[in-house]
Every structure is written in C-alpha cells, then in structure tokens.
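K.L.:
My questions all concern the structure below.
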Amino acid sequence: MFWIPFCKKYNVQVRAPFKYFQLDQSVMSIETHSLEFQQEWKTMKDEYERLSRNIEDAARKSEAFGFALVGELAVFSNTGRRNHPAIVKVDCDEILPKEYGNSKEFIKSVGHALKGKTDIQMSPSNSLDAAYQVAGSAYEYGSSWREKVGWIYGSTVEDILTGLVIHKKGWRSGYCTPDPPAFLGCTPLAVMTQQKRWSTGLLEIFCNKNNPISATLKANLQFRMCLAYLWVTTWGLRSISEICYATLPAYCIITNSNFLPKLTALATGLLGLQPPAGGRQGSELGEVFCSVLVVLLWFRPFVEGLFRKGKYGIPLSTICKSAVLTSLFVYLSKKCYKV
C-alpha cells in the first residue's frame, strides 16, 4: 500500500524493504534529497519496523496455542507448534542434493540471504572451500542444474534455449516491462562478437535435440511459436541467400544484364526509373530515390555506424578502405561497360 508507490515515485532500485533500509548508501543519500523525500523515507522506515514487530509478535504468540480437544484429538491438546507428536515423517535429505547440489554452505547462504542476515559468522576456510566447490565445473553434474533448474546449458544463447525449453512444456510467456528494469546486463565489447555469438548459438539450437520442430512434434510447443523460433534460429543460414541476392546488382553491372523484369516504356518515362533514350547515361530521380530508400530501410545499422563514434561506430580506416574499393569497383564497371 505504501512501499510500491514510494519505489515508483523515487525510482528505488532495491525493491526488498529489509535490504533497502540496511544499505548504508540509502541513509547517506538522505542529505542529498529534498525535505519531502526525507520525511517520506522516515515514515516508510517507521512503518516497515512497526510491521516487522507485529509479525514477530504474531509468530511468538502462535508458538503455543491451547484449546480443548476431545476424543481422538485429545493427544494434540495443549501442544506447541514445535513439540507436537509427529504425524508424517518425510526424509528429504536426498532430494535437495539431487536438485541443487550437495553444498551445505551454499544452501545455508541462500536461507540467510532471504532472511536478510548480514552478520553471519562463518569460517574463512569453510567459505573458501564452499566457493571452490560451487564454482567447480563438476558441481552441477548429478543435479538438476543446467537441465531443469536455472539456465539451460548447451548453447551460447542460453536465454533463447531456456525460453524454448519452457515453451515446449506448454507454458505461455507474458510481456512485462517493469519500471525500473528488473534485470540489467553489460553490453558486448564489439558488435561483431555479438553477431557471431547470435548466429552460431541460434544455429546450434536449430541442429540439436531441442530444435523447434521436434518440440512441436514430441512436446507441447505451439505451431505458431514453432514458426517464430524457426525464423529466429535460422537467422545465420539466411545470410547465404542474402549475400547471393546482394551480389546480383554487381553481377548485372559487370555482365550488362538484368535479373528483374523490364517495365514498359510508359512506366519508365513517368517514374524515371531508367535513363531516357538518346544515348545519355546517368540516373534519373526515381532511381536515386529508390536507391536511397533501400539503403535507409535495409542498411540502417550501417548508416548509423557511419556517424557513431567509439565501439558502436565503424572505424575511420574501415570507411576509407570501403570508399576506395567502391570507387575502384565503379571505375572497373564503367571500363567493362564501354568495352
């Protein structure tokens, strides 16, 4: 009732109240905010502490309960929550290691983090040994990590593979854009590195056992979702046909041929798609307009890279080399055309 509007109003990144009020920077940043923020921050902290005390009091009161029970339930009268006779005993000692691994320190640390405990007394040697154990490459073997729990491994694009495995179980995804963003990641060091990771990783998914076709035939992946995953995973293969199509104009210029159907004389005269008769060479307004439109629509990242700087832009040396090669290609094409 109070916490969510407070987070949205002041763009609070840490949404857990017990974590937010434990952070030193939250207390230190009060001096840099307005008087209104200081008042609301103190009010919110008082409300949180009051709610915490009420929960603790209710938990202590529920430790022991007493009411009259007769008949078969008389054995449970005047018993506490922690000392009543056992009804069912379930041995779960072997379940957790099979699911999450056999590191006791790792499981304990998760419980401490959820409870907001920060002053945990742990031996440095035990912590170091547990860190080595969890970080080891063999820790996940024999457990459900990388197969059922967490990210699904087996591809460089584990996010797409994880989503495909979830969808083939019959689950449906929802589009959610929280403000502020719930997850933040680092940008790649180079655009080409990211492109190669996507192309190879998506092609691996298309060729392995979790491909969309088998997920549709053997699992519960919907047909329309299968088409979407096929369009994504074959992104690397489409580059072959795109390169062949992109080389057709150059081939037509060199061989003085065409691969598109010719327009009628009336259409060419009205739209100006070809030079008029009379031996003049050059491009009309229609050809220039269509060429610019194709570059802006299909090669927009390339155009943006020409004007950007740093790692998101094309280096000046690459632009100069491309300009020289293009000029040489145009010159040789004109020479071949005259011959």
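K.L.:
What spacing in nm lies between the two simple spin-label points modelled at GLN13 and ASN258, each 7 Å away from Cα in the Cβ direction?
P.N.:
5.9 nm
K.L.:
Stretch ASN102-PHE299 to full length: gain in nm at 0.36 nm per residue minus the Cα-Cα span? Walk me through the numbers before you get to the answer.
P.N.:
Values: separation 197, 0.36 × 197 = 70.92 nm, distance 5.19 nm.
Extra length available between ASN102 and PHE299 comes to 65.7 nm.
K.L.:
Still on this model: Per residue of the range 133-141, what does 6.51 cos²θ - 1.76 cosθ + 1.60 with θ = phi - 60° give for ³J(HN,Hα)? Whole Hz please, x for Gly and Pro, Karplus curve as stated.
P.N.:
With coefficients 6.51, -1.76 and 1.60, one gets 5, 5, 6, x, 5, 8, 5, 7, 6 Hz.
K.L.:
Right, here's the next one. Mind sorting SER214, SER327, SER137 by how few other Cβ atoms lie within 10 Å of their own Cβ, fewest first? Could you put the intermediate results ahead of the total?
P.N.:
Working: SER214 14, SER327 10, SER137 6.
Ordered from fewest to most neighbouring Cβ atoms within 10 Å, SER214, SER327, SER137 come out as SER137, SER327, SER214.
K.L.:
May I ask you to evaluate 6.51 cos²θ - 1.76 cosθ + 1.60, the Karplus curve with θ = phi - 60°, for each residue of the range 120-125 and list the ³J(HN,Hα) values in order in whole Hz, giving x for glycine and proline?
P.N.:
These are the phi-based 3J(HN,Hα) values: 8, 8, 10, 6, x, 5 Hz.
K.L.:
Taking 0.36 nm per residue of sequence separation and subtracting the Cα-Cα distance, how much length would be gained by fully extending the chain between ARG146 and SER241, in nm to one decimal? Don't skip to the end; give the middle numbers.
P.N.:
Values: separation 95, 0.36 × 95 = 34.20 nm, distance 3.48 nm.
Stretched fully, the ARG146-SER241 segment lengthens by 30.7 nm.
K.L.:
When HIS167, HIS112 are ordered from fewest to most other Cβ atoms inside 10 Å of their Cβ, what list results? Mind dumping the intermediate values first?
P.N.:
On the way: HIS167 21, HIS112 13.
Ordered from fewest to most neighbouring Cβ atoms within 10 Å, HIS167, HIS112 come out as HIS112, HIS167.
K.L.:
As a quick test, which of the pairs LYS196/LYS309; LYS104/LYS196; LYS9/LYS169 have an alpha carbon distance above 28 angstrom in this structure? It would help to have the intermediate numbers written out before the result.
P.N.:
Numbers: LYS196/LYS309 22 Å; LYS104/LYS196 39 Å; LYS9/LYS169 39 Å.
Distance filter (> 28 Å) returns LYS104/LYS196; LYS9/LYS169.
K.L.:
Pull out a ≥ b ≥ c, the square roots of the eigenvalues of the alpha-carbon gyration tensor of the range 158-233, then state rounded if a/c is under 1.5, prolate if not and a/b is larger than b/c, and oblate in the remaining case. Write down the numbers at each step before the final one.
P.N.:
Values: a/c = 2.70, a/b = 1.28, b/c = 2.12.
It comes out oblate by the Cα gyration axes.
K.L.:
How long is the gain from VAL324 to LEU248 if the chain were fully straight, where each residue apart is worth 0.36 nm and the alpha carbon distance is subtracted?
P.N.:
Full-extension gain reported as 25.3 nm.
K.L.:
Report the FRET efficiency, 1/(1 + (r/R0)^6), for ALA135 and MET192, where r is their Cβ-Cβ distance and R0 is 35 Å, rounded to 0.05. Each step should come with its number before you reach the end.
P.N.:
On the way: r = 30 Å, r/R0 = 0.86.
Efficiency, from the Cβ-Cβ distance: 0.70.
K.L.:
Given a Förster radius of 41 Å and the C-beta distance between LYS311 and SER52 as r, what FRET efficiency does 1/(1 + (r/R0)^6) yield to the nearest 0.05?
P.N.:
Details: r = 47 Å, r/R0 = 1.14.
According to the calculation, E is roughly 0.30.
K.L.:
Also, I was wondering about something else. Sort TRP151, TRP145 by Cβ crowding within 10 Å, fewest neighbours at the top.
P.N.:
If I rank by nearby Cβ atoms, fewest first, I get TRP151, TRP145.
No value in this document is a laboratory result; all are computed from the given coordinates. Because the structure is predicted, anything quoted here is derived from the model rather than measured. All Cβ positions, even for glycine, are placed from backbone atoms using ideal geometry, and neighbour counts span all protein chains on display.
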